[in-house]
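Data block below; observations after.
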């Protein structure tokens, strides 16, 4: 019997998954521009063993109920808070993500957002277009050199950001649940700090932590009070890692001098006040939105599914790896 794989979202390049079919899998994909919700799964086979999901198309318990033979949820992206993990655990369903292929694009975007703020690039651009001239009106930015950058979370993306930052001559603090070996810290050019110390000492705080019960609203009214006056906040992690209203309040009061977001607490709807702030740079969750990153994600996504079904390549699971047994 052929293994059946049901996609709930349209792939960037369907041909990136050709090997699934070459290996004998039956693949069901929506047409370009269409995605399945929990209300319209009837055209997908109930006996699918694998569902391919994405951040924008959650795999809820209702979705799992449609697939009684489901053995694996392969999510396209690094985050997996779009999956009801409790329901997956109850059913013994494995969960995988694509952590390797998102690193470069997301780290590059982090740097782009950070430099857009420090050098006021978006402000200069909008004023020049508005005024229809290139007169320098004296608006000042700030150098990165000599600054202290705090990375909250220190997974693969944050490590790549640290790689990019080192040549600027900055001090890099990091915080994560389990501290690195001091020799590794020295090799990476980073210094461990508890969260309170990191917030107090950093000129720029960049969020890279996954969203969970502990990290929800990690940046809030009280933790913002710990930050330096005039600090900058960058969030390329998950929107709910910050209390967005608390960040808006800090920007309006001047406690924060700037902020950049690639993700928002309420997904695709930033708070209205942010639209009118010149000291805010926003992008609509585009960390991996490059041709190279998206193709790499598809290949990694494909390999996770084939490795699970055929055992012909290694699979690093993020949840319930024993489900295959």
*residue 136 to residue 196: FRET efficiency via 1/(1 + (r/R0)^6), r the Cβ-Cβ distance, R0 35 Å, to the nearest 0.05?*
0.30
*Can you sort 215, 54 so the residue with the fewest Cβ neighbours within 10 Å comes first?*
215, 54
_What do you get for the angle between helix 291-310 and the principal long axis of the chain? Use alpha-carbon atoms, 0 to 90 degrees, nearest ten._
40 degrees
*Please give, to one decimal in nm, the separation of the simple spin-label points placed at residue 188 and residue 34, each 7 Å out from Cα toward the Cβ.*
4.5 nm
*asked:* Taking the number of other C-beta atoms within 10 Å as the exposure measure, put 98, 122 in order starting with the fewest.
replied: 122, 98
*For segment 103-282, what relative contact order do you get, as a whole percent, if you take Cα pairs closer than 8 Å and at least 6 residues apart?*
20 percent
*Percent relative contact order of the chain, based on C-alpha pairs within less than 8 angstrom and at least six residues apart?*
18 percent
*By how many nm would the segment from residue 275 to residue 164 grow when fully extended, if each residue of separation counts as 0.36 nm and the alpha-carbon distance is taken off?*
37.1 nm
*Once every DSSP H run of n ≥ 4 in the chain is given -39500 (n - 2.57) and the sum is divided by its residues, what mean residue ellipticity at 222 nm do you get, rounded to the nearest 500 deg cm²/dmol?*
-9500 deg cm²/dmol
*Tell me, in nm to one decimal, what length is gained between residue 143 and residue 286 on full extension, where the rule is 0.36 nm per residue of separation less the Cα-Cα distance?*
48.9 nm
*the chain: antiparallel DSSP beta bridges as a percent of all, rounded to 5*: 5 percent
*Alpha-carbon centroid distance for the pair segment 10-63 / segment 235-288, whole angstrom*: 32 Å
*List 298, 222 from most exposed to least, where exposure is judged by having the fewest other Cβ atoms within 10 Å.*
222, 298
_Over segment 103-282 - Rg/Rh using Cα atoms and the Kirkwood inverse-distance radius_ = 0.97
*Rounded to the nearest 10 degrees, what's the angle between the helix 244-253 long axis and the longest principal axis of the chain, both from Cα atoms, 0 to 90?*
10 degrees
*What is the extension gain from residue 245 to residue 112, computed as 0.36 nm multiplied by their sequence separation minus the C-alpha to C-alpha distance, in nm to one decimal?*
45.5 nm
*For the chain, find the longest principal axis of its Cα atoms and tell me its angle to the long axis of helix 103-118, 0 to 90°, nearest 10.*
20 degrees
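Values in this text are rule-based calculations from the coordinates and carry no lab data. These numbers were taken from a predicted model, which means no experiment stands behind them. Here the Cβ is made from the backbone with ideal geometry for all residues, glycine too, and neighbour counts use every protein chain on show.
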